[in-house]
1. Which ordering of Glu404, Glu196, Glu251 is given by a fewest-first count of other beta-carbon atoms within 10 Å?
2. Name the long-range amide H neighbours of Cys380: under 5 Å, sequence gap of 5 or more, or other chain; modelled H, no Pro or chain starts.
3. Under the rule of at least 5 residues apart or a separate chain, name every residue whose amide H is placed under 5 Å from the amide H of Ala41.
4. In whole angstrom, how far apart do the alpha carbon centroids of region 319-390 and region 37-70 sit?
5. Using θ = phi - 60° and the Karplus curve 6.51 cos²θ - 1.76 cosθ + 1.60, what whole-Hz ³J(HN,Hα) does each residue of region 212-224 get, with Gly and Pro shown as x?
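What follows draws every value from the coordinates through simple rules; no lab data is involved. Here the structure is a predicted model, which is why all the values come from computation and not from measurement. FYI the Cβ positions are ideal-geometry reconstructions off the backbone, even for glycines, and counts take in every protein chain you see.
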Amino acid sequence: MSSAPWYLNSEKPSLKHQRKWKSDPNYTKSWYDRGAKVFHAEKYRKGACANCGAMTHDAKSCMERPRKMGAKWTNINIAPDEKIETFELDYDGKRDRWNGYDTSSYARVVERYEARDDARRKFNKEQQLKKLEEKNNNNDSGGGGDSDGEDEDDDLRIDEAKVDESKQMDFAKVEKRVRTTGGGSTGTVRNLRIREDTAKYLLNLDVNSAHYDPKTRSMREDPLPDADPNDKFYGVNNQYRNSGQALEFKELNIHAWEAFDKGQDIHMQAAPSQAELLYKNYIVIKDKLKSRTKETIMEKYGNAAAEEELPRELLLGQSEREIEYDRAGRIIKGQETALPRSKYEEDVYINNHTCVWGSWWKDHQWGYKCCKQVIRNSYCTGAAGIEAAEAASDLMKANIARKEASEETQTPVEGKRLATWGTDLPDDLVLDEDLLAEALKKVSMSSNL
């Protein structure tokens, strides 16, 4: 800047006033010396820890195992004093998550993994040599000698083993999978994708085809609905969700929710083993109850599927038997075919009836056709009963008609119109003279009294 503030006493333009150019000598980059000891006393000192005898902490913050008799009373096995340090860190030092980390400690992790890889290579090599020795022994026992072609085959096998090992190492490669909204990692996934496979969103390039969600990498509809199912490489997500173990897992979750709603202490995420065990017990009990109900129904009503097959005559209602009839309908040759009967009672007549109950219907009532009675347990009266019922019905109808005619011809009776106290006198009112004179006489007598 061309003009610096006056309080800087700057002789030339600079940006020195815009940054903290004075370094604080109190800030440090060092860290705590872990495990360092300062002084090891031989006897207990006043004010030291009553448990271990160190002066740098009290008995409440002691990290050693509580002794049966503390060092304050036994005065033996006094613990050394720890090295107490205080640091004043700057802004970056307070927020440095790797501050104080010893990089040499990671060498042990590297050595452990290298030892594992060496042991794996050694084991694979021993297995390959063992297979080669077995093959050589088989060739010697068979009378065949080694040849250049066989040596080449062995070399090829060794090369193939190396290739397989490299593939296995590539398969063991673990990559980070980022699927969250904020960009965080939700875990790791092995690289199982074959690069030659066509991506599912490239199977059908039509805009109106199945929708592909790039965020969740899901395609719920079928991109090729008209293709042969045997030639399809990709099945839609809904097919995977409604088949195999996905459907079983869905049913397990539903059972856990319903059991929790009914008051059972079950949670699929908190105790999955308990939820699965309860679901298996529920399936077993449900199957037993279903089989028990089926057996009860079969014992009560029978099993038509397990019984013997019905005769062909009953199934089709016809046979190959020949029957001859005359002009009157009488059988001349053969025997008349018996009609198939059901398991219910048929043609059973009670109380001298010649027809079954329900053979006659009138006025929304069932009855017997032989006597036209609507009472189930009535005795049959035959034709005489029918005539008597018709005569009674005709007589009842005649009586009703006669009553209606008499009511129509009857003259109305004129009622007397009485005059009461407090009402208006009608114009056509006729008074009885004798009663009127008697009433006036009573009134005059009461006034004289």
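1. By the 10 Å Cβ count, ascending, the order reads Glu196, Glu404, Glu251.
2. The list, which skips near neighbours in sequence, is His353.
3. Close amide H contacts, sequence-distant or interchain: Asp81.
4. 115 Å
5. So the Karplus estimates, Gly and Pro as x, are 10, 9, x, 6, 9, 6, 10, 9, 7, 9, 7, x, 10 Hz.
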